[in-house]
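Derivation of every value follows stated rules applied to the coordinates shown; laboratory data play no part. Everything quoted here is computed from the prediction, not taken from an experiment. For neighbour counting, all protein chains shown are included, and Cβ atoms are generated from backbone atoms with ideal geometry for every residue, glycine included.
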Amino acid sequence: MAFSLRKRTNSAVVGLDIDARYLAAAHVDHGRLVRGASVDLPDGVVRDGEVVDPEVLAKALKSFVAEAGLPRNVRLGVGNQQIVVRVVELPQIEDAKQRDAAVRFQASEAIAMPLDEAVLDHQVAGMTPSSDGPARMQVMIVAARRKMIDGLLETIKDAGLKAESIDLDAFALIRALAGAHDSAERSARVYCHLAGVTNLAVAVGDSCFFTRPLAAVWDQKDAGSGLADEIRLSIDYYMTQPKAKPVADVVVSGPGSADSEFLDGLGLHLGLPLVVAAPVGQIDSSALAPDEDPHRYTVAAGLSLGAAA
C-alpha cells in the first residue's frame, strides 16, 4: 500500500528517513537498492519523531546530502504523536468528490483534532461484505498537525532540499517488508521497527489499519518487558476496530532487530511468534557499502518505493 500527504511528481527521488539517531537515504530501482547512505545524528535534534532543533537538523541534512552526493529531491517519512490514523466504514462511493466530502465529515467525528489545523488524506484500505446490502468500504483516514508538517518542510527547504512528498513511516515500513512476510488475508501482522524512534504498525497484507510510535525503547535494561506491554496494548486497541482480524505474529526490523539477546527477552514477554525481518525485505541490498548497517535502511527504502498520487 502507498499513501502520501502531498502530491508527488515523476522526478527521481530518494527516500529520506530522519530518525532520532541517524539520517538514512535510499534509492530503490527495480527491486534493488542502488544507492544508500547514512550518518549519525546528534542527540536531541529529533525527539519522539519530532524535530526539536530545526537549525541543527538543516545543517546536518545539508552536509549529509553534499558529502554523499545525493539528489536534492527527497521523499520524507513522518511518525509521531502529531499524527492520527483512523479506519472508518463508508458505503461505496464512486465519485471522488463525494467520497472526499464523506471522508471529511467522518473525520470531523473520528479524529480529535481541528480539521482546519490538520493536513488530511485518506485511502480505501479494503471492502467488507454486508449481510443486508452492498459491501462497504474500509477507509483509512490520516490527519497530521499542519504546524508539524510545515515546520518539517521549512527545515527541508533550509537544507537546500525539495520535498516531493511526505509519507508515513509506518506505510513505508509495510511497503518494504510486507512482500517478504506476506500473511493470509484472514490474519493481521504487527510490524515493529526498532530504531531511535520505535514505530509500530498493524497490517493485513499490505494495508495498514493501525499505527503509533511507542514510548518504550529497545536498548535499555529490561526494555523487553516494557516494549512487549506497549505492543500488546496496541494490539488490544487495534482489535476494537470493526471486523479487526486476529494478529498472527510480530515482525521486527531496524537496528534493534540485530540484538538477539534483546529479541529473546522480547519474545518471552510478548507471548506471540516473533519474526526477524530481512533489513530491507526482498529488496536487493548488495550495493550497500560493507561498513553500512543495512538495518538503517528499512524505512528509507520503503519511502523510495513510492507514494500514492
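Using the alpha carbons of the stretch 83-145, what is the convex hull volume per residue in cubic angstrom, as a whole number?
Hull volume over Cα atoms, normalised by residue count, gives 78 Å³.
From the convex hull of the Cα coordinates of the stretch 20-164, what is the mean projected area in square nanometres?
With every direction weighted equally, the projected area is 11.3 nm².
Ranked highest first by average number of other Cβ atoms within 10 Å, how do 223-233, 75-85 line up?
Output ranking for 223-233, 75-85: 75-85, 223-233.
State the extension gain, in nm to one decimal, for the chain segment bounded by VAL217 and ASP158, taking 0.36 nm per residue of separation less the distance between their alpha-carbons.
So the extension gain works out to 18.2 nm.
Remind me, what semi-axes does the stretch 134-249 give for its equivalent ellipsoid, largest first in whole Å, using sqrt of 5 times each Cα gyration tensor eigenvalue?
Rounded to whole Å, the semi-axes are 26, 21, 14.
Express the C-alpha Rg of the stretch 182-276 as a ratio against the empirical globular expectation 2.2 N^0.38 Å, rounded to two decimals.
That works out to 1.00 for the stretch 182-276.
At R0 = 41 Å, how high is the FRET efficiency between ARG72 and SER130 if r is their beta carbon distance? Nearest 0.05 is fine.
0.25
What does the highest-first list of 88-97, 154-163 look like by mean Cβ count within 10 Å?
The densest-packed peptide leads the list: 154-163, 88-97.
Starting from the Cα gyration tensor of the chain, take the square roots of the eigenvalues, sort them a ≥ b ≥ c, and report rounded, prolate or oblate (rounded when a/c is under 1.5, otherwise prolate if a/b is larger than b/c, else oblate).
Oblate is the answer for the chain, as a/c is 1.5 or above yet b/c matches or exceeds a/b.
So how many Lys-Lys pairs in the chain land under 22 Å Cα to Cα, not counting same-chain pairs under 8 apart?
Number of lysine pairs found: 11.
Taking the Cβ of GLY31 as the center, what net charge do the other residues with Cβ under 13 Å away carry, scoring Lys and Arg +1 and Asp and Glu -1?
Result for the local shell: 0.
Any chance you could run the full-extension gain for ARG47 through LEU268? It's 0.36 nm times the residue separation minus the Cα-Cα distance, nm to one decimal.
Computed gain between ARG47 and LEU268 is 76.7 nm.
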